[in-house]
Amino acid sequence: MTASPDAHTQGGRQLALMILGRIGASVVTLILVALVVFAISSLLPGDAAQEALGQSATPEQIAALRQEMGLDRPAYERFGTWAWGLIGGDAGQSLVANMPVGDIIRERLPNSLILAAITTLVAVPLALGIGIASAMNRDGRLDRALNIATLSMVALPEFLVATLAVLIFSVWLQWLPSIALVPEEAGVAELLKALAMPVAALAIVVMAQMARMTRAAIIDQLDRPYVEMAVLKGLSLRRIILTHVLPNSVGPIFNAVALSLSYLLGGAIIVETIFNYPGLASLMVNAVTSRDMPLLQACAMIFCAAYLALMLIADVAAILANPRLRNQ
């Protein structure tokens, strides 16, 4: 018995409302995040005026520079000006570089996007392959070996992986540069050589987490009755996984990929700092050091917005992958 057109319309409307609800929740979360970012950055000791003038500056000089920078205004007024500027695409003026924050970010953001893109292209296929192979050989030797390997990789922090990579491939073997500086006219080979160690340091931890979550999602589907029915029909395990299990695991696997990729945001801060990579994360660290609040707040909002966007995409993908919602 097929569903009536009215049922399909009602189901599509319910699906659209759920997606709009997720988008609305993400927008509200981003507003709350903006409040938290502004409040926490305001609690940092010292300010840009003190950092710019140094310890020998008199209180009068500091007060005059604070007034010039607008740091003497009430917090709610500064937040309102900053938030309204963000909505209009203006992140304000850097207190240290004395230039628009947007111009500084536009110079660094492509570098971070390149690093994230290459890491994704390396980590996602390898992680999915490891997760699927581990699930297909559940409780076997290969599964146990892969479990030990991924658990070991999860336990390794990025700074340790990056430090060991520099020690082995840069100091001992002298194969790769220890500083990831890529000239503008660099070719693909030179780019890959410069980014090899940063990408490896980020990919190892991300790949391990993604592989373990992929394995769990596939094993969860392998325990379902429809898989048992497919086995009784004589289908091979490879065919069952490729034609039945993977389509039904799209939602959980996509969630695993999005959650793992969001980890790149935190890991990039450590990796970019160790390899002196001119990306957005290292720019934010420099902004903290110099107390350049507009630049720090803009960088933090970009990272938070990227994280929320990944979570939103994963949430929507899980909803669309749910047959009970899609086929209503």
Roughly to the nearest percent, how much of the accessible area of the chain is carbon and sulfur, given a 1.4 Å probe? 66 percent
Ranking ASN98, PRO177, VAL124 by how far each Cα lies towards the positive end of the charge dipole of the chain (+1 on Lys and Arg Cβ, -1 on Asp and Glu Cβ), the top one is VAL124
Considering only protein heavy atoms, what is the solvent-accessible area of THR163 at a probe of 1.4 Å, reported in Å² to the nearest 10? 70 Å²
FRET efficiency, ASN276 to THR29 (Cβ-Cβ, R0 30 Å, nearest 0.05): 0.35
Output the relative contact order of the chain, whole-number percent, from Cα pairs under 8 angstrom with separation of 6+ residues. 29 percent
Computed from the coordinates I sent, mean projected area of the Cα convex hull in nm² equals one of (i) 23.3; (ii) 33.3; (iii) 17.3. Tell me the label. (i)
Show me, for the range 241-257, the HN-Hα J-couplings you get by feeding each phi into the Karplus relation (A = 6.51, B = -1.76, C = 1.60, θ = phi - 60°), rounded to Hz, glycine and proline as x. 5, 6, 9, 10, 6, 4, x, 7, 9, 4, x, x, 5, 5, 4, 4, 5
The chain - mean residue ellipticity at 222 nm from DSSP helices (-39,500 (n - 2.57) per run, n ≥ 4, rounded to 500): -25000 deg cm²/dmol
Hey, could you grab the Kirkwood Rh for the range 79-203? Inverse mean 1/r over distinct alpha carbon pairs, Å, one decimal. 18.0 Å
Angle between the chain longest axis and helix 5-42 axis [Cα atoms, degrees, rounded to 10]: 30 degrees
Taking H placed 1.01 Å from N in the peptide plane, check which residues at least 5 places from GLN93 or on another chain put their amide H under 5 Å from its amide H. VAL101
Bins of 5 Å, beginning at zero and ending with the bin holding the largest distance: percent of Cα pairs per bin for the range 205-328, please. 2, 10, 14, 15, 14, 11, 9, 7, 6, 5, 3, 2, 1, 0
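Per residue, how many Å² of accessible area does the range 237-281 show with a 1.4 Å probe?
Normalised by residue count, the accessible surface of the range 237-281 is 41 Å².
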Would you be so kind as to identify which of LEU246, TYR226, THR273 lies farthest towards the positive end of the dipole of the range 217-273, taking Lys and Arg as +1 and Asp and Glu as -1 on Cβ and the Cα centre as origin? TYR226
Kindly report, to the nearest 10 Å², the accessible surface of LYS233 as traced by a 1.4 Å probe over protein heavy atoms only. 150 Å²
Between the range 178-241 and the range 106-177, what is the separation of their alpha carbon centroids in Å? 10 Å
Mind putting a number on the dipole of the chain about its Cα centre? Charges go on the C-beta only, +1 for Lys and Arg and -1 for Asp and Glu, and I need it in Debye to the nearest 20. 1520 debye
In sequence order, what are the phi-derived ³J(HN,Hα) couplings for the range 298-310 according to the Karplus relation 6.51 cos²θ - 1.76 cosθ + 1.60 with θ = phi - 60°, rounded to whole Hz, with x for glycine and proline? 5, 4, 4, 5, 5, 5, 5, 5, 5, 4, 5, 5, 4
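The values are calculated or read from the model by the stated rules, or taken from the named source; none is laboratory data. Note that the coordinates shown come from a computational prediction; the quantities given were computed from them, not determined experimentally. FYI the Cβ positions are ideal-geometry reconstructions off the backbone, even for glycines, and counts take in every protein chain you see. These area figures cover heavy atoms from the full protein model, side chains too; ligands, DNA and RNA do not enter into them. Shrake-Rupley method; radii C 1.70, N 1.55, O 1.52, S 1.80 Å.
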